[in-house]
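Worksheet: one structure, shown below.
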Amino acid sequence: MKLRVVLEPSDEGGYTIYVPGLPGCISEGDTREDALRNIREAIDLYLETVEDDCVLSENAEQIEIAV
């Protein structure tokens, strides 16, 4: 899966990073590398929560589509 992230220098030093496509998925780091590593973890945790909240009925069908 590919997601776009926005990496911005923080006024206090370090970096803030967020995922526009995942509301509330935000992290930070002292360096660019730290911020990128931290946002990967934040994305994993975000998606785990979404998957846990997704309960399908027995008649539901899952279909993958390309967009």
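The values are calculated or read from the model by the stated rules, or taken from the named source; none is laboratory data. Note that this is a predicted model, so its numbers are computed, not measured. Every residue, glycine as well, gets a Cβ built from its backbone with ideal geometry; the counts of neighbours run over all protein chains shown.
In region 19-67, which residue that is in contact with a helix residue (DSSP H, G or I) (Cβ under 6 Å, 6 or more places away or on another chain) and assigned to a loop (DSSP other than H, G, I, E, B) is modelled with the highest pLDDT?
Only one residue fits best here, namely Cys25.
Find all pairs meeting these conditions: Cβ atoms under 8 angstrom apart; at least six residues apart or on different chains; first residue within region 40-59 and hydroxyl-bearing (Ser, Thr, Tyr); second residue modelled with pLDDT of 70 or more and surrounded by 10 or more Cβ atoms within 10 Å (Cβ to Cβ).
Here the result reads Tyr46/Val19; Tyr46/Leu22; Tyr46/Cys25, each pair linking region 40-59 to a residue that is modelled with pLDDT of 70 or more and surrounded by 10 or more Cβ atoms within 10 Å (Cβ to Cβ).
What tally of residues in region 2-26 results from selecting those that are under 29 Å from Ala66 (Cβ atoms) and surrounded by 17 or more Cβ atoms within 10 Å (Cβ to Cβ)?
The qualifying residues number 5.
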